[in-house]
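Nothing in this text is a laboratory measurement; each read-out follows from the coordinates by a stated rule. This is a predicted model, so every value here is computed, not measured. Backbone-built Cβ (ideal geometry, glycine too); neighbour counts: all protein chains shown.
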Amino acid sequence: MHSGRTTFLWGMLAGASVMALALTGTATGSVVAAASTSTVKVVLENARVRVRDVTFAPGTAPMHTHELAHVGVILTAGTLVFTEPGKPADTVKFDAGSVGFREAGVTHQVTNPGPGPMRVIEVELK
C-alpha cells in the first residue's frame, strides 16, 4: 500500500511522462520538447506550411527528429548548442533577425546554455 506522498510522487512522474510524450508530437512533424520547459505553439498551418513559435528555455530539450525541412527566424539573440548522434556538438551564436535552414530528417538535441530564453519562428515546408 502506498502512502499519500508516494502516490502523489508517482502521479507527478506519470504526468510529466505524458506531457513529454505529448510535446514530442512525432505524428505532426518536427519537435521541440519540454525537458528545458521550452514551448512550441503552432501559429499558422495550411497545406503548404506549418509556422511554429518556439521558445528555447535555458537547458536541454530531448533528442528529436525534424520530419519537415524548415526555415528558422531568430527573434531573440543568444546561443544554441546542437548535438547530432555521432557528431561533435555544434555551438552557434545567433543575432536577432538571423535566418537558418535545416533539411528534413535531422535528428538532434538542442541546448540553450544562456541565462534567458531564446525565441525562434520556424516555418516548416510541407
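State all residues of the stretch 98-118 that are part of a strand (DSSP E or B) and hydrophobic (A, V, I, L, M, F, W, C); if no residue qualifies, say none.
Once the filter is applied, which keeps residues that are part of a strand (DSSP E or B) and hydrophobic (A, V, I, L, M, F, W, C), the stretch 98-118 yields Val99, Phe101, Val106, Val110, Met118.
Among residues belonging to the stretch 71-97 that are closer than 23 Å to Val49 by Cα and in a strand (DSSP E or B), point out the one that is nearest to the chain's Cα centre (by Cα).
Gly72
Scan Val51, Val40 and give me the residue that is touching a strand residue (DSSP E or B) at 6+ places or on another chain (Cβ under 7 Å) and more than 13 Å from Pro117 (Cα to Cα).
Unique residue meeting the criteria: Val51.
I'd like the full set of residues that are surrounded by 11 or more Cβ atoms within 10 Å (Cβ to Cβ) and more than 10 Å from Thr111 (Cα to Cα), limited to the stretch 78-88.
Residues satisfying the conditions are Gly78, Glu84.
Looking at (1) touching a residue at least 24 places away in the same chain (Cβ under 8 Å); (2) surrounded by fewer than 14 Cβ atoms within 10 Å (Cβ to Cβ); (3) out of contact with any Pro (no Cβ under 8 Å at 6 or more places or on another chain), which is the one condition that is false for Asp95?
(1)
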